[in-house]
Every structure is written in C-alpha cells, then in structure tokens.
Amino acid sequence: MGRQRQLILTIAAAVVAVAIGVVLSYVIHWFPVQASTQAHNTDRLFHVLVDASIPIFVLVVTVVLYCAWQFRMKPGEELKDGPPIHGNTRLEVVWTTIPAVILLALVSYSFVILHDNEKKPAREIHVGVTGQQFAWSFQYPPSVTGGAPVESDQLYLPEGESVQFALHSKDVIHAFWIPAFRLQEDVVPGITVKYRATPDRLGTYPIVCNLLCGLGHSLMRATVHVVPRAQFQQWLKSHAGATVAGGSSSGATTSTTAAAAG
Amino acid sequence: MAARLRAPGFYRAGWMMAFGVAFATGLTWVVRMSTGHSTFKHFIDGEAILTVSLIAVPLLFLVGIGGFDYWFYWAAGRKTRAEDHSSHGARSWKDYFRINTDHKVIGVQYTVSSFFFLLVGGLIAMLMRAELAAPGAQFVDANTYNGLFSVHASLLIFLFVIPVFAGLGNFVIPLMIGAPDMAFPRLNALSFWLLPVAGALMLGSFFAPGGAFADGWTAYAPLSTNAPVGQTFFALGVQFAGASSIMTALNFLVTIITMRAPGMSFFRMPLLVWANFATSLLVVIATPFIAASQFFVLLDRALGFNFFNAAKGGDVLMYQHVFWFYSHPAVYIMMLPGFGIISEVLAVKARKPIFGYRMMAFSLLAIVALGFTVWAHHMFTSGMASWIRIPMAVTTAIIAVPTGIKIFSWLATLWRGVLHLDTAMLFALGFLTTFTLGGISGVMLAMIPFDIHVSATYFIVAHIHYVLFGGSLMTIFAGVYYWFPKMTGRMYDERLGKWHFWTTFVLFNLTFGPMHILGLQGMPRRVEDYASKFADLNLFISIASFALGLSTLIFLYNMVTSWRGGPIAASNPWRGMTLEWQVSSPPPIFNFDKLPTVVGGPYEYGVPGAVHGTFAPTPTPATVGAGSGVARAPSE
Ligand SMILES: [Cu+2]
Ligand SMILES: [Cu+2]
C-alpha cells in the first residue's frame, strides 16, 4: 500500500529524470562546430553513448535515494537488522548478462563508426605534418600542388576532399589535434603516423598540440583553413616553392606559428 | 653521543646520509678520471653526483634508521638478537617516528603520512587552479606549472591513494583474519619507511636545478629522457614507492594465505581482505613494469643507453607500452581496496549480508585478470599498430561487467536494509553515484572514435578525478571514519563528519563535472594558458576547487580534535561482525588475547544467533574434526 505507492512514485520520477537527461543531452552544446564528416559520425556515437548511460546512472541514483528515503533507520530500530538475503542467482545472472550485451553492442557500434571514419576513399590528397618544439609546418607534395612541393606554416585544405595526413616529429612527441574534426593522432619521433579527415565545412579552425611537449606546449597552435577547391589551388600557386623559415633546421622555432594560437 | 650515533635512529641516518654524498662525489670522480677527464679541472659533475646521491642517500637513510639491522646481523654471521618485541607497539608518540614492527602502528604511520601527502598534493592543485582561473599567465611560468601538475599527480598516486590503502589494510587485515600481526613485521616496517623517502624525492625535485620534473606523472620519453635533472628525482622516487608497494603486497599475500584464524576459509573472509588479496596480486605482477620503465629512462638520461632515442634506433612507443602495462592495473590497485571498504561499510550500516558475496569475490579476481589485457586503451592515438586498438577496446568494455556486478550487488545490499546514514555510510552512498559516473565516462573512453577526440583533454582529467576522487578518495574517507574508533580508541564528531561529506560531495561535482565539457569543447590538459572561450568555465571550476580545498579543513579539525579528546570508543560501536570489532579499541598489543575461531560468514546480519568468530572456549581438535588443518599453535 504505502510503500507500493512510493515505489510507483519513485519509478515515475526516474522515468522523468531519464527523459530530462536525454533532452538535455541534445540541448547542451557539448562540442565545437562539426567541420568534418568524421565529426558527424563521432558526435552521433557520443549521443548514443550518453543516451545509453543516462538510464544506468539514473537507475543507480534512484535506488540509492529510494533506499536512503525508505529504508533509513527510524527511531526505535537502533538494534534492528535487515532480512538476511544472501543473494539471488537469477538476478545476478541478469545483471551480468544485460550489461555485457549492452557493452558489446556499444563497442561493436563504435567499430562501425571507426571503420567509417578511417576507410580509404576513392580519391584523397596527401599532406605532410611536421611537429617540432613548438610549431607546426605542413608539406604539400607534387601530387597535390601539381608542381614543386610547397611547405607552409598554414594548413589549407579543400572542402569536401579526403585528406591523409602523414605526421612526423623532429624532436619529442606531439599530438596533432583538430577539435572541429574530432580527430587527433600523436606525432612520434622515428615513425610516421597517418590519419584521414574529410573537411566538409568552410572556415578556420584551431589546431592544437595535445601532448605535453615542453615549455611552449600551450602555445603550439596553428589554424586550419577549409576553403573551396579553387581557392585552395590559388593558395598553392601563390606559395609555389615556399618553405618555412627554419623549418628544415630542427630546433629553430618559427615564431609566426606560435603567435597564431587561437 | 657515540652510542647515539651507532644506534639505529635519525642521528645515525644523518651521518650516513652525509657519507652518501661523499661517496657519490668520490665515485663519480673516480669514474670520470678513469674515462679520461682531467683529474682536477673537471672532476666535479653536478648532475652525476646528484644522480648517484639520489640512490645512495635514501638507501643509507634506511640503513641509518635501522631498516636492515636484523638482516645485516644475520648476513654477517653475527648472533641475531632474540626478538624481545621492543620495537613492537607504541607507548608514546615518539614510537611512531622510528622503525616499528607492529602492524597497527605501521598502519597509522602509513595512513597519517599519506594524508600529509594528500594535503600537499591538494595545495599544489590549488596553485594550479589559481593559475588557471583566467587565461594568460597569473602566478607561475610554464615550467613551474608543468612541475606542479606533475608533482600533484605523482604525490597523489604514489604517496596517497596507493599507500593509504596499504595503511588501512595494514591496520585492519591481521585483525580481520584473526592474526597477531603481519607475516613479515620487519619487512612491513621497512616498506613503510620507503614512503617518506619517495615523498622527499618527489617534493625535493622542486629544489633541483631546472625545477621539478615537468613531464606529467606519465613521464613520456623522449621528453623525460632529455629533461632537466628534476626528472631523475621522479625516476628514483617511483623506485622507492614501487618497492614499498611490492613489499607490502607480498606481506599481505603471505599473511592472508598463511595466517588466517582456524575456520577462516577463503570464502569466510571479509571482502576487504579479498579486495586486498586481489590488489596485492596486481601489485606484485604489475609494479615491476613501472620500475623498469623508469630505470630505462634513468639509463637513457645518465648513461646514454638510447632505449627511447629514435635517432639511435630506440623505440619511443615501447616506453608507453611498458608504462601502461603497470599504470592501467594501477587504476585497479587504487580502486579494489576501496571496493573492499565499501563492502564492509554497506553491510554493517545497512544491517544486511552482502548480496552475492561469492560473485563479489569472483568479480575482484576477474578484474585482476582482465586488468592486464587493456593497457593500450591509453594509446589509441599513440600511433601504435591500429589493429591493437580493437581487442583492447573489447576488453576495456568487458572489464566494466565485473565492476557493474559490484555496483548492482551493493545496491541490492541496501534494499530493505536498516540504513544507518552516518558519515561513513554517506561517503559510501556518495561513492556509488560518483564512481558510477566515472565508470560511465570510462566506458565511453573505450569507444575508439570518441577517445580519439577527447584523449589527453580535460575530459580525461574529469574522468580520472571521478574515478580517483569520486571513487578512491570517497572510499578512503568512508574507511577512515569507519575505522577511526578502532584505530584511535576515540569517536569522531558525527555532525562535522556529515558537514564534511556534503561539502565534499557537492563541491567535488562542481569542480570536476564541468571539466567534461571543457574537454569535449577542445581544451587540452597540461596547459597553463588556454583560449579565451574557456575562461568562464575555468573560473567557475577554480572557485569551486578552492571551496573544495577548504572543506578538507573540516575533516582535519574533526580528526585532530577527536583523536585528542573525542569520547572514548567502545570496542564495537557499529555492531560489526568481523573480527576487528570483537577486540578492544584500540586493540591489544598482539591483537587477540584469545585466539579466535571462525564459525560462519562475515556478514550474517539478520540471521538469528549468527556469529562470525568465537573466542572462548576454543573448540578442541575433536570437535573441529581430524584433518581440517585448523589446529595451529597460537603464535603469541
Ligand atoms: Cu605540445
Ligand atoms: Cu586504463
């Protein structure tokens, strides 16, 4: 009677809390703008994860609050004990199996997204990225420029075209992160790390070094410019044969890039 | 005076440490001469002397205070002194400042000194939040800031969370299993004294030329192999802290396996004992890996081994694999003992048996096994072979299952109980909610495309603090309040305790909750300066964190005043069934004046007439039955 009503009330409150949580999860601006096809995928995955998590979190909090409300010791119960329930095998099987299934489903879905984000497109351009304490430089090979290779401390990318970055480090580890693309990889001395992005929104977005690389780490920023193909071509032409000052001598820092921090 | 200088203690340690510096100077001089340096012109190399000193001085300190005396006597063929128990137990506060072989004294030594490092680490965090209150430079430069967060993390991991659990375990485990002490009391004493050494090294790095180690507690090579000499303080500090945890873990394992009271079968052990058993397995298997990783860094730095120098054929990613092969299990080393505490507190304060006791024990072992199969989830963006990510993501998702079993079992334990909502219980309930959030963000991080975006951002900072603060620290507070009467013989102030809980719980969420959003929005961690769009949230976080820091004062005041003048504690104020509550508070010097015999499970609340252990009369061998293996002579 009394307790049953309170239980129904609690369940109703929990359902409302889940609903509010899910609505909020779509209202809150969690992310910077989406500027790559990968960003759309990853944000979708994030929302699936959050929506799966909210009921679980609400369940735990609800049970805790309900128990604290209904089962707290009342005056006169100082020496009372609860019922000696030692377990329930069926219940234990249920709360082992269901989470396992949910987790495997989520991780499988994440693999689908991962595959989508990383699959090789029919056409792609190649851009070299070099990290050094504490600046970025970008190399456009002849296959992209159609002429002499171009090196710049600015990253220009044509909109809607898949690009594969090849990351090199001249000194310690950095991480090449473009939050608007939701993508990053470490820039590791001695190996070449590659990843793909398909920018799909015009604009300029910050590039952030996201692995501690020394004193200037917080200033190791650059900007990516996503531009229409024609403008990209134009920019390449105007930089034909250009190299970054000091870019080839390791250790020398180009101040222009560091100053471009967003 | 001469006798003082020869007797184990701080005087002997003092001159021995001075000798250590002289030894380091001499050794490096001889080596440099023999490798062609001019005898008198360049005989001093500050960094070389410092490096050797950092090994020799701490070791000689430990020799000086008497950490090795007994074994040296034995090794030298001298007559070992008969154990007169003169180093056992504490009669005055001075007995806490010497080599002491009483597990209860060591437990208090461990716990109190760990809390000292919590305060230092917390103050360092305050400094960081002051710097981050606004974009641009406020108080400290980049080098200092990098040193602050590196030392903050290292202190709180290696000198707070890991050792404070070792301290609580040290005090409680022998009592819980009905043993008079740990299996190796001298080793126990030594393992404690390694801690202040490790702490002195890590804090001392602030005075090193070039500043404190500043590459994060992760100390990734090749940044760490080329850093100023402060990095050596970290590489060696980790050795001492790591050796301490290995010794304690071995001690726990042997104690739990061999010293259980008659009738205390494995499946009658309290879950705190199970949790420390599982943790100790993790420690002895995993800790040598971080020791190795830092030895590699040391050899690269001091002797040019080039393990991690890509230009000389070194392998940069290898560092991360070795490092995380320890440092992922370390997450569980810092969590499983807390799981044990929560089980104790919930059963006693909800007046019910733990729901699914066996699954609680098995899930601990499952976490131990699975814990070694997930390390590369810290390396999803490291540039390692991309296929490795797939199995590591699967195991990372699956390891949430045993953790989920524990959460659900605790919730079911609450169901229909009689809940005593005092301070320890509030921290346990708070833990259930905040740790669930930390677990959820952990599962999200197993999803590779999402991890790729937030790896090394403030989302990670939020996650790790939900696990280590919302998880570990909440359990530590629960445990400290729960066993405070047993450890000190006094009761704490319940009202202040509840204030401490509510301020901590609310301000914790206000401090670390918003960090999730900062990370998603694109704020990297480990930066002293950030884009102006993050300014508002950072200011909010800083204010909340200062208040969170202040809330600790309530705890400190409560602990200090209650310890000095709180009401005298009864032997069993919570009406617990486990054995530590069946002896006086604080317990007698050898724990049990009568040997306990265990006759039932540890959490038989609500079972009429049930007891966990009986003391007298001890059952005769005939009633126990032949061959049951419980007829063991009391060692006291
Ligand atoms: Cu960096
Ligand atoms: Cu991990």
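The values are calculated or read from the model by the stated rules, or taken from the named source; none is laboratory data. Note that this is a predicted model, so its numbers are computed, not measured. Cβ atoms come from the backbone with ideal geometry, glycine included; neighbour counts cover every protein chain shown. These accessible areas exclude ligands, DNA and RNA; they are computed on the full protein's heavy atoms, side chains included. Shrake-Rupley method; radii C 1.70, N 1.55, O 1.52, S 1.80 Å.
What accessible area per residue comes out for segment A:124-261, rounded to a whole number of Å², with a 1.4 Å probe?
Numbers: 4760 Å² over 138 residues.
That works out to 34 Å² for each residue.
Using only alpha-carbon positions, what ratio does the radius of gyration of chain A give when scaled by 2.2 N^0.38 Å? Let's see the in-between values first.
Numbers: Rg = 26.5 Å, N = 262, 2.2 N^0.38 = 18.3 Å.
The value comes to 1.45.
Write down the radius of gyration of the protein assembly as shown and its Dmax, each obtained from C-alpha positions, in Å.
For the protein assembly as shown, the Cα radius of gyration and maximum Cα-Cα distance read 29.2, 99 Å.
Which whole-Hz couplings ³J(HN,Hα) result when phi for each residue of segment B:213-229 is put into the Karplus expression 6.51 cos²θ - 1.76 cosθ + 1.60, θ = phi - 60°, listed in order with x for Gly and Pro?
So the J values, rounded to whole Hz, are 4, 9, 10, x, 6, 7, 6, 4, 7, x, 5, 6, 6, 10, 7, x, 5.
Within chain A, what's the longest stretch lacking trypsin sites (Lys or Arg not before Pro) that sit in DSSP loops with no more than 14 other Cβ atoms inside 10 Å? Can you show the working numbers first?
Details: sites that count: A:Lys80, A:Lys119, A:Arg123.
Formally, the longest exposed-site-free interval is A:124-262.
As a quick test, which of the pairs B:Lys352/B:Lys486; B:Lys406/B:Lys533; A:Lys74/B:Lys486 have an alpha carbon distance above 32 angstrom in this structure? All intermediate terms of the calculation are to be shown ahead of the outcome.
Numbers: B:Lys352/B:Lys486 21 Å; B:Lys406/B:Lys533 40 Å; A:Lys74/B:Lys486 26 Å.
Among B:Lys352/B:Lys486; B:Lys406/B:Lys533; A:Lys74/B:Lys486, the Cα-Cα distance tops 32 Å for B:Lys406/B:Lys533.
Which ³J(HN,Hα) values, rounded to whole Hz and listed in residue order, are derived for segment A:157-170 from phi using the Karplus coefficients 6.51, -1.76 and 1.60 in 6.51 cos²θ - 1.76 cosθ + 1.60 with θ = phi - 60°, glycine and proline given as x?
Taking θ as phi minus 60°, the curve returns 9, x, 5, x, 10, 6, 10, 10, 8, 10, 9, 10, 10, 9 Hz for segment A:157-170.
In µm²/s, what is D for segment A:124-261 at 20 °C and 1.002 mPa s, where D = kT/(6 pi eta Rh) by Stokes-Einstein and Rh is the Kirkwood radius from Cα pairs?
Working: Rh = 14.7 Å.
Once the numbers are plugged in, D ends up at 145 µm²/s.
What residues qualify as long-range amide H neighbours of A:His126, i.e. H under 5 Å apart, gap of 5 or more or another chain, H built at 1.01 Å from N?
A:Gln164
Expressed as a rounded percentage, what relative contact order does segment A:124-261 have, with Cα pairs under 8 Å and six or more residues apart?
30 percent
Starting at 0 and stepping by 5 Å, how many percent of the alpha carbon pairs of segment B:2-75 end up in each bin?
Each 5 Å bin holds this share of Cα pairs: 3, 17, 20, 17, 14, 11, 9, 6, 1.
Using alpha-carbon positions, what is the distance between the centroids of segment B:394-449 and segment B:546-565, in Å?
27 Å
Please list, or write none, the lysines whose alpha carbon is within less than 22 Å of the alpha carbon of A:Lys170, excluding same-chain residues fewer than 8 places away.
Within reach: A:Lys194, B:Lys312.
What percent antiparallel are the DSSP beta bridges of segment A:124-261, to the nearest 5?
70 percent
Could you tell me which of B:Gly576, B:Ala22, B:Thr504 has its Cα farthest along the dipole of chain B towards the positive end, charges placed at Cβ (Lys, Arg +1; Asp, Glu -1), taken about the Cα centre?
It is B:Gly576, whose Cα lies furthest towards the positive end.
On a 0 to 90° scale, report how tilted helix A:89-118 is relative to the longest principal axis of chain A, with both axes built from alpha carbons and the result rounded to the nearest 10.
In chain A, helix A:89-118 runs at an angle near 20 degrees to the longest axis.
If you take the Cα atoms of segment B:93-565, find Rg, then find the Kirkwood Rh from the mean of 1/r over all pairs, what is Rg/Rh?
On the way: Rg = 21.4 Å, Rh = 22.7 Å.
Rg/Rh for segment B:93-565 comes to 0.95.
Which aspartates and glutamates does A:Lys120 reach when only Cα atoms under 13 Å apart count, and residues fewer than 8 places away in its own chain are ignored?
The qualifying aspartates and glutamates are A:Glu161.
Using unit Cβ charges (K, R positive; D, E negative) and no other charged atoms, how large, in debye to the nearest 20, is the dipole of the protein assembly as shown about its Cα centre? Don't skip to the end; give the middle numbers.
On the way: 54 positive and 42 negative charges, 314 e Å.
Here the size comes out at about 1500 debye.
Just name one of B:Trp74, A:Leu65, B:Pro262: the one whose Cα is farthest towards the positive end of the charge dipole of the protein assembly as shown (beta-carbon charges, Lys/Arg +1, Asp/Glu -1).
Most positive-ward Cα: B:Pro262.
What number, rounded to the nearest 500 deg cm²/dmol, is the helix-based mean residue ellipticity at 222 nm of chain B, given -39500 (n - 2.57) per DSSP H run of at least four residues and division by all its residues?
Details: 22 runs with 389 residues, N = 636.
It lands at -20500 deg cm²/dmol.
Counting only DSSP beta bridges with both residues in chain A, tell me the antiparallel percent, nearest 5. Kindly include the intermediate steps, with their values, before the conclusion.
Numbers: 27 of 38 bridges.
Of the beta bridges lying entirely in chain A, close to 70 percent run antiparallel.
Nearest 10 degrees, 0 to 90: what angle lies between the long axis of helix A:229-238 and the longest principal axis of chain A (Cα atoms)?
40 degrees
Using the alpha carbon gyration tensor of segment A:54-178, what are the three equivalent-ellipsoid semi-axes (square root of 5 times each eigenvalue), largest first, in whole Å? Provide the component values of the computation, followed by the final result.
Numbers: eigenvalues 701, 80, 31 Å².
So the three semi-axes of segment A:54-178 are 59, 20, 12 Å.
From the P(r) of segment B:353-493, can you give the percent of Cα pairs sitting at distances over 18 Å? Write down the numbers at each step before the final one.
On the way: 6323 of 9870 pairs.
Of all Cα-Cα distances in segment B:353-493, 64 percent exceed 18 Å.
What's the buried accessible area, both sides, between A and B using a 1.4 Å probe, rounded to 100 Å²?
The contact between B and A buries close to 6800 Å².
Please arrange B:Ser584, A:Ser53, A:Ser36 by accessible surface area, largest first, computed with a 1.4 Å probe and ligands excluded. List each step's numbers first, then the result.
On the way: B:Ser584 55, A:Ser53 20, A:Ser36 0 Å².
Putting B:Ser584, A:Ser53, A:Ser36 in descending order of accessible area: B:Ser584, A:Ser53, A:Ser36.
Quick one: net charge around B:Leu271, please, counting Lys, Arg +1 and Asp, Glu -1 for every other residue with C-beta under 10 Å from its C-beta.
Values: positive: B:Lys406; negative: B:Glu344.
Charge balance near B:Leu271 sits at 0.
Helices from chain B with mean Kyte-Doolittle at least 1.0 and a Cα length along the axis of 27 Å or more, per DSSP H: which? Walk me through the intermediate numbers first.
Values: long enough: B:10-34 (35 Å, 0.89); B:103-132 (42 Å, 1.24); B:185-204 (29 Å, 1.17); B:230-258 (42 Å, 1.29); B:271-303 (46 Å, 1.63); B:423-446 (34 Å, 1.67); B:494-521 (41 Å, 0.31); B:535-565 (46 Å, 1.08).
TM-like helix candidates: B:103-132, B:185-204, B:230-258, B:271-303, B:423-446, B:535-565.
For segment B:2-75, what relative contact order do you get, as a whole percent, if you take Cα pairs closer than 8 Å and at least 6 residues apart?
Working: 68 pairs, mean separation 33.1, N = 74.
Worked out over segment B:2-75, it gives 45 percent.
Where does chain A land at 222 nm, in deg cm²/dmol rounded to the nearest 500, when only DSSP H runs of n ≥ 4 count, each adding -39500 (n - 2.57), divided by all residues? Working shown, then result.
Working: 6 runs with 109 residues, N = 262.
It comes out at -14000 deg cm²/dmol, rounded to the nearest 500.
How large is ³J(HN,Hα) for each residue in segment A:219-226, as worked out from phi by the Karplus curve 6.51 cos²θ - 1.76 cosθ + 1.60 (θ = phi - 60°), to whole Hz, x for Gly and Pro?
Karplus-based 3J(HN,Hα) across segment A:219-226 equals 9, 7, 10, 8, 10, 9, 10, 9 Hz.
Can you give me the long-range amide H partners of A:Val193? Hydrogens built in the peptide plane at 1.01 Å from N, cutoff under 5 Å, separation of 5 or more residues or another chain.
When sequence neighbours closer than 5 places are left aside, the close amide H contacts are A:Leu167, A:Val188.
Hey, any idea what % of the protein assembly as shown's accessible area is carbon plus sulfur with a 1.4 Å probe?
Details: 23640 of 34510 Å².
The nonpolar share, carbon plus sulfur, comes to 69 percent.
Pull up all non-local amide H partners of A:Ile207: gap of 5 or more, or a different chain, and H-to-H distance under 5 Å with H placed in the peptide plane.
Result for A:Ile207 returns A:Ala222, A:Thr223, A:Val224.
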